Amino acid sequence: MQIRPGNDDLLLIVDVQNDFCPGGALAVANGDAVVPIINRLVERFDHVALTQDWHPKGHSSFAASHPGARPFETIDMPYGQQTLWPDHCVQGTPGATFHPQLETTRAEMVIRKGFRPDIDSYSAFYENDRRTPTGLAGYLRERGLCRIFLVGLATDYCVCHSAVDARRIGFDAVLIEAGCRAIDLSGSLDAAWAGMAAAGVQRVNDL
Ligand code: VGL
Ligand code: ZN
């Protein structure tokens, strides 16, 4: 069945930032390959929004902020388990800016996340405690946008958490696989596909 984006649909472009692309601090394999695919999709949508991972220096999700810890280890935080990352997407740095070829002109909203020092935020809707809202849900509701199409980086972290949260709070969610790439850390991609299917996230190859 052909899905046609309409006036109550939004394309949400997740974290297509230099640090998640080859050469970046937390590079996703072939992360930059999503850029031309997303640029083509942007033209098909009436409404487009971007998310931007936006951490202060010394953020608590950075391994370097925890003496003795190494990137990609998991630690216990007050809000649950947290994977530790290399320093990435530090506010105001080139790594935090959008990929230079990403078509951002038509974006109506940029939602920044992960700016609180003590908590990470994978999802565009809620931080990793699953309770602190980013404000995106209210924005979408006020604008009458009901269905979210997701693309970006990384499939198994920020895209997945955004899609699952969208479903959890009553939005329809469609993940466009061609526009995503994954980190795939010890089974995280398989877990993400299972979690998204259970949450009722629709998965399409392309539009
Ligand atoms: C992301 C890990 C840490 C993502 C962001 O955009 O998927 N992953 N920060
Ligand atoms: Zn991050």
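The values are calculated or read from the model by the stated rules, or taken from the named source; none is laboratory data. Note that the structure is predicted; figures quoted are calculated from it, not measured. Note: ideal-geometry Cβ built from the backbone for every residue, glycine included; neighbour counts use all protein chains shown. Surface areas here come from the heavy atoms of the whole protein model, side chains and all, with no ligands, DNA or RNA. Shrake-Rupley method; radii C 1.70, N 1.55, O 1.52, S 1.80 Å.
So what is the calculated 222 nm ellipticity per residue for the chain, using -39500 (n - 2.57) for each DSSP H run with n of 4 or more, over all residues, to the nearest 500 deg cm²/dmol? Show your work: numbers first, answer last.
On the way: 4 runs with 37 residues, N = 207.
The helix-only estimate for the chain comes to -5000 deg cm²/dmol at 222 nm.
Rolling a 1.4 Å probe over the protein heavy atoms leaves GLU73 with an accessible area of roughly 60 Å². Would you please state which residues of region 140-184 a label at ASN7 would reach in this model, taking the label point 7 Å out along Cα→Cβ and a backbone N cut-off of under 14 Å? Zone members listed by number: 143-146.
Magnitude of the charge dipole for the chain, about its Cα centre and with charges confined to Cβ atoms of Lys, Arg (+1) and Asp, Glu (-1), is about 320 debye. A viscosity of 1.306 mPa s and a temperature of 10 °C, combined with the Kirkwood radius over Cα pairs in Stokes-Einstein, give a translational diffusion coefficient for the chain of 94 µm²/s.
Starting from a Cα-only point model with no solvent, please compute log10 I(q)/I(0) by Debye for region 148-207 at q = 0.17, 0.28 1/Å. Here log10 of I(q) over I(0) equals -0.45, -1.20. Report the Cα centroid-to-centroid distance between region 60-80 and region 105-119 in angstrom, as an integer. Each part reduced to its Cα centre gives a spacing of 22 Å. Positive end of the charge dipole of the chain (Lys, Arg +1 and Asp, Glu -1 on Cβ, about the Cα centre): tell me which of SER61, CYS160, PHE125 has its Cα farthest that way. It is PHE125, whose Cα lies furthest towards the positive end. Between 0 and 90 degrees, the angle of helix 188-199 with respect to the longest Cα principal axis of the chain falls at about 50 degrees.
Computed from backbone phi, the HN-Hα couplings of region 134-141 come to 8, x, 5, 4, x, 4, 5, 5 Hz, rounded to whole numbers (Karplus: 6.51 cos²θ - 1.76 cosθ + 1.60, θ = phi - 60°; Gly and Pro given as x).
For region 48-64, putting each phi into the Karplus relation 6.51 cos²θ - 1.76 cosθ + 1.60 with θ = phi - 60° gives couplings of 9, 9, 10, 10, 9, 5, 8, 9, x, 3, x, 4, 5, 8, 8, 4, 5 Hz, in residue order, rounded to whole numbers and with x for Gly and Pro. Charged neighbours of MET77, selected by a Cβ distance under 13 Å, balance to -4 (K, R count +1; D, E count -1). Between GLU108 and ASP190, the modelled label-to-label distance comes to 4.0 nm, taking each label 7 Å out from Cα in the direction of the beta carbon.
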